[in-house]
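Take a look at the structure set out below.
Computed from the coordinates by the stated procedures, all read-outs in this text should not be read as laboratory data. Since the structure is predicted, the reported quantities are computational estimates derived from the model, not experimental observations. As a convention, Cβ positions derive from the backbone with ideal geometry for all residues, glycine included, and neighbour counts pool all protein chains shown.
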Amino acid sequence: MILDNLIRKNVKNMSAYSSARDEFNADKQNYLFLDANENPFDSDYNRYPDPYQNALKDAISKIKQIPKQNIVLGNGSDEVLDLIFRAFCEPKEDEIITMPPTYGMYDVLANLNDIKTVQVPLKEGFQIDVQGVLSAITDKTKLIFICSPNNPSGNLLQINDVKNILGHFSGLVVIDEAYIDFATSSSFISELNDFPNLIITQTFSKALAHAGIRVGMCFASERIIAVLNKIKPPYNINQLSQTKALEVIQNFDTYIFQVQIIKSERELVANELKKVSWIQHVFPSESNFLLCRVDNANLRYGQLLEKKIVVRNRTNQPLCENCLRFTVGTPEQNQTLLNTIKDLNS
Ligand SMILES: *Cc1c(COP(=O)(O)O)cnc(C)c1O
């Protein structure tokens, strides 16, 4: 893979915006900062935030065992994904490959950036059609998106299939690990040294319980990270979110504990759902949700809604006919769900 050939021409040629805090880092003590036209009176938030989120990245670097230079942060992983499109895909020319059923944002971002999506559906069992993917690659293919554990199916994609694609594609492979903390297998972060074309995204929105602060993480080679840093909005993670995210990392044990509960609840709920007459199949899950095939998804979705329980109806997604997706809740919430489900007529 030659990274230089993958970067968009305008991105290669442009120079990054140089913010006041780029030129002089706010860490510097005993300096009088009169460079950024801020209000000088202290409100805790009168200063622009660190554009490179150094304190937060130091903390993330420790728990993820990866140097800071391999991390870029975004306003949710959705922003990270958008940055990847804008850095590497030439509008109206380039293509990406996705594997439906999967996360809807890849398609939306491709459309927004005027990039053609080539869809290679997962096989039965929601695993990668490796031959299909490899033969769908053209000289226009810049990105392949792999979501593992996959949303909405919940399963991990086979590691050998993922490595096979990484090894046979000279563009970039994005592995979306939004749900990796709920899985039995560990992150692809440890593979970054072996695959220079690998980009991994994770998020504060799921296991880390902070969807509201919008912080997404991206791990890749230093050179890829440098390209993303060049084009990202300078202050894309606001001070409130940086402070809160740092607090989250400092309380990491709390979330590890919650993930344990969610995982054991997932097994409990799955077992109970399997006993329900109108639920035909509960797909195995390595995430914090369960995909179920039911007798009539639209009917059951409506019945649950009448009982004020909102689930996700995925019946229109490929391979997901009559499927509902249930997020695993607290033990109490799950009991409410199960009681309600058992009360619905068969
Ligand atoms: C929820 C989810 C995300 C998270 O996106 P954020 O913008 O970080 O909240 C990313 N990818 C997948 C597959 C998801 O389901």
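Counting only residues at least eight positions apart within a chain, or on another chain, the lysines with an alpha carbon under 19 Å from that of residue 307 are 342. Taking the number of Cβ atoms within 10 Å of each Cβ as an exposure proxy, the fewest-first ranking of 319, 299, 143, 208 is 299, 319, 208, 143. Segment residue 345..residue 321, full-extension length gain: 6.6 nm, with 0.36 nm per residue of separation and the alpha-carbon distance subtracted.
Taking a Cβ cut-off of under 14 Å around residue 272, the surrounding Lys, Arg, Asp and Glu residues balance to a net charge of +1, with basic ones at +1 and acidic ones at -1. Sparsely packed loop sites in region 101-198 (the GluC sites (Glu not before Pro) outside DSSP H, G, I, E and B with at most 10 other Cβ atoms within 10 Å) comprise 124. By the beta-carbon count within 10 Å of each Cβ, the least crowded to most crowded order of 255, 106, 31, fewest first, is 31, 255, 106. When 323, 292 are arranged by Cβ crowding within 10 Å, least crowded first, meaning fewest neighbours, the order is 323, 292. Computed from the C-beta positions of residue 43 and residue 164 and an R0 of 45 Å, the FRET efficiency is 0.25 to the nearest 0.05.
Starting from the Cα of residue 280, step 7 Å toward the Cβ, then list every residue of region 300-323 with an amide N under 17 Å from that point. Answer for region 300-323: 300-301, 313-323. About the centre of its Cα atoms, region 253-345 shows a dipole size close to 220 debye [charges on the beta carbon of Lys, Arg (+1) and Asp, Glu (-1) only; nearest 20 debye]. When DSSP assigns beta bridges and you keep just the ones with both residues in the chain, what percent turn out antiparallel, to the nearest 5? For the chain, the DSSP antiparallel bridge percentage is about 55. Using the Cβ-Cβ distance between residue 239 and residue 112 with R0 set to 30 Å, the FRET efficiency from 1/(1 + (r/R0)^6) comes to roughly 0.60. The HN-Hα couplings worked out from phi for region 336-345 by the Karplus form 6.51 cos²θ - 1.76 cosθ + 1.60 (θ = phi - 60°) are 4, 4, 5, 4, 5, 4, 5, 7, 6, 5 Hz, whole numbers, x standing for Gly and Pro. For the chain, the gyration tensor built on C-alpha atoms gives an oblate shape. Its axis ratio a/c (a ≥ b ≥ c) is at least 1.5, and a/b is not larger than b/c. Within the chain, which is the longest segment containing none of the trypsin sites (Lys or Arg not before Pro) that sit in a DSSP loop and have at most 15 other Cβ atoms within 10 Å? Longest gap between qualifying sites, sites excluded: 141-274. Given their separation in residues at 0.36 nm each and the Cα-Cα distance between them, residue 65 and residue 312 gain 85.4 nm when the chain is fully extended.
Extending 7 Å from Cα along the Cβ direction at residue 209 and again at residue 33 yields two label points whose distance is 3.1 nm.
The modelled label-to-label distance for the pair residue 299/residue 185, using points 7 Å beyond Cα in the direction of Cβ, is 3.7 nm. In this Cβ point-charge picture (+1 for Lys and Arg, -1 for Asp and Glu), the chain has a dipole of about 440 debye about its Cα centre. Karplus-based coupling profile of region 40-53, in residue order and whole Hz: x, 7, 5, 10, 6, 10, 6, 9, 4, x, 4, x, 10, 6, with θ = phi - 60° in 6.51 cos²θ - 1.76 cosθ + 1.60 and x standing for Gly or Pro. In the chain, the longest principal axis of the Cα atoms and the axis of helix 54-64 are about 40 degrees apart.
Longer than 29 Å from Cα to Cα, which of 206/308; 57/308; 12/62; 163/275; 12/57; 57/123 are they? Say none if no pair is. Before the final figure, lay out the partial values.
On the way: 206/308 23 Å; 57/308 40 Å; 12/62 31 Å; 163/275 37 Å; 12/57 25 Å; 57/123 38 Å.
From the list (206/308; 57/308; 12/62; 163/275; 12/57; 57/123), the Cα-Cα distance tops 29 Å for 57/308; 12/62; 163/275; 57/123.
For the chain, the Cys residues with no second cysteine's beta carbon closer than 4.7 Å are 89, 147, 218, 292. Give a quick list of GluC sites (Glu not before Pro) in region 295-345 that DSSP marks as loop, anything other than H, G, I, E or B, with at most 11 other Cβ atoms within 10 Å. For GluC sites (Glu not before Pro) across region 295-345 that sit outside H, G, I, E and B with at most 11 neighbouring Cβ atoms in 10 Å, the list reads 321.
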